[in-house]
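K.L.:
Before we start, here is the structure in question, set down as structure tokens.
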Amino acid sequence: MAEYGEIRRLWALDAPQLTVDRGLLVVGAGGEPVTIPAPSFLIEHDEGLMIFDTGLAADGAGDPAAAYGPVAEAFQIDFPAEHRLDRQIEALGFQTSDVRQVIISHLHFDHTGGLVHFPGAEGFIGAGEMRYARTADPVLHGFFREQDLDAAAKIRWRELPAGYDHDVFGDGSVTLLSLPGHTPGSLGLGLRFQDRYLVLSGDSAHLHGNVDATIGMTLDADTVGKLDSLRKLRLLESRPDTTLWVNHDPADWQEYRANGKEVSFGR
Ligand SMILES: [Zn+2]
């Protein structure tokens, strides 16, 4: 075994899709629908399995309205039964109990559906995120799912303070990136491969255009703070060794999953 841990494999698991007006995701860009994935990333590290975001709830697989009610239609949720998170993890030869660490970009429902599969895991979350989710104003209340927040209460969270990036294993292989603005505790993830550094945006950007134009989305909790997080992503992306994957962006999804769910950014 190497002196320092490394990422062995990375999967961008098959994702449910939502269809929304582009203007929801990029201020001022309204008028046409865009279909976006709701991803989960499974990371096999020398120290064990980790997951970044957990997509939609198994109760809604094959029948989104069963879990999401009118939200399923409002977001035109497309969630084939075989895209259930737990089944996909099992199909790769693991158990959900093998996932030792859960990292959540934020607590909106399209990221928290699978938290129920990981009770007792160690988790990482941005500071203030849980309180924000539990005290959402009426406009934003529908973006949080009570059952998922209850499942979240069974995870042993460590909170990342805003403005601090955390090297999880102390070897540079997995770094939590503080990217507040969309929500108070929004996180991204930096993954070090031998040849490339991969940045997963979480929802600090929804489409790559948010980053390119430094422009937020309509439901950001802190619109000014969000712009700083977008500037941080732009800086990271300017490094020659770095790829920025905007997780809801359909073009990024297609490009980086061109060879299937196991994705490669060099060893
Ligand atoms: Zn999202």
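The values are calculated or read from the model by the stated rules, or taken from the named source; none is laboratory data. As the structure is a computational prediction, the values presented were derived from the model and not from experiment. Virtual Cβ from ideal backbone geometry, glycine too; neighbours counted across all protein chains shown. Only protein heavy atoms, including side chains, enter the accessible area calculation; ligands, DNA and RNA are left aside. Shrake-Rupley method; radii C 1.70, N 1.55, O 1.52, S 1.80 Å.
K.L.:
Hey, if we sort T35, T112, T223, T96 by accessible area with the 1.4 Å probe, largest down, what's the order?
P.N.:
Solvent-accessible surface, decreasing: T223, T35, T96, T112.
K.L.:
Rounded to whole Hz and in sequence order, give me ³J(HN,Hα) for the range 246-255 from the Karplus expression 6.51 cos²θ - 1.76 cosθ + 1.60, θ = phi - 60°, writing x for Gly and Pro.
P.N.:
7, 5, 8, 6, x, 6, 4, 4, 5, 5
K.L.:
Right, here's the next one. If a/c stays under 1.5 just call it rounded; otherwise compare a/b with b/c (prolate if a/b is bigger, oblate if not). Do that for the range 102-168, with a ≥ b ≥ c from the square roots of the Cα gyration tensor eigenvalues.
P.N.:
Judged from the Cα gyration tensor, the range 102-168 comes out oblate (a/c at least 1.5, b/c at or above a/b).
K.L.:
While we're on this one: If I build a Gaussian network model for the chain, linking alpha-carbon pairs within less than 10 angstrom, which residue out of G225, G31, G181 has the largest mean-square fluctuation?
P.N.:
Per the Cα network of the chain with a 10 Å cutoff, G31 tops the list.
K.L.:
Rounded to a whole number of µm²/s, how large is the Stokes-Einstein D of the chain at 20 °C and 1.002 mPa s, given Rh as the Kirkwood radius over C-alpha pairs?
P.N.:
So the translational diffusion coefficient is about 117 µm²/s.
K.L.:
Find out how many positive minus negative residues lie around W245, taking Lys and Arg as positive, Asp and Glu as negative, among other residues whose Cβ is under 13 Å from that of W245.
P.N.:
-4
K.L.:
Here's a follow-up. Which of I77, I89, I43 moves the most in a Gaussian network model of the chain with Cα springs under 10 Å?
P.N.:
I89
K.L.:
Taking 8 Å as the Cα distance limit and 6 or more residues as the minimum spacing, I'd like the relative contact order of the chain as a percentage.
P.N.:
Relative CO of the chain lands at 19 percent.
K.L.:
Then there is this: Can you give the charge dipole size of the chain about its Cα centre, rounded to the nearest 20 debye, using +1 on the beta carbon of Lys and Arg and -1 on the beta carbon of Asp and Glu?
P.N.:
That gives the chain a dipole magnitude of about 320 debye.
K.L.:
For the range 200-216, in order, what is each residue's ³J(HN,Hα) by Karplus, 6.51 cos²θ - 1.76 cosθ + 1.60 with θ = phi - 60°, in whole Hz (x at glycine and Pro)?
P.N.:
Those phi angles translate into 9, 7, x, 9, 5, 9, 9, 10, 4, x, 4, 6, 4, 9, 6, 9, x Hz.
K.L.:
Taking the chain as a Gaussian network, Cα atoms linked when under 10 Å apart, which of L107, L13, L236 shows the biggest mean-square fluctuation?
P.N.:
L236
K.L.:
While we're here: What is the sum of charges, Lys and Arg at +1 and Asp and Glu at -1, for the other residues whose Cβ falls under 10 Å from the Cβ of G190?
P.N.:
Around G190, the charge tally is -1.
K.L.:
For the range 80-217, what does the equivalent ellipsoid look like in terms of its semi-axes, each the square root of 5 times an eigenvalue of the Cα gyration tensor, given largest first in whole Å?
P.N.:
The equivalent ellipsoid of the range 80-217 has semi-axes of 22, 21, 16 Å.
K.L.:
Using only the heavy atoms of the protein chains and a 1.4 Å probe, how would D46, D165, D53, D228 rank by accessible area, largest first?
P.N.:
D228, D165, D46, D53
K.L.:
Keeping every protein chain present and rolling a 1.4 Å probe, give me the accessible area per residue for the chain in Å².
P.N.:
42
K.L.:
Set Lys and Arg Cβ to +1 and Asp and Glu Cβ to -1, take the dipole of the chain about its Cα centre, and tell me which of Y256, P119, L187 lies farthest positive.
P.N.:
L187
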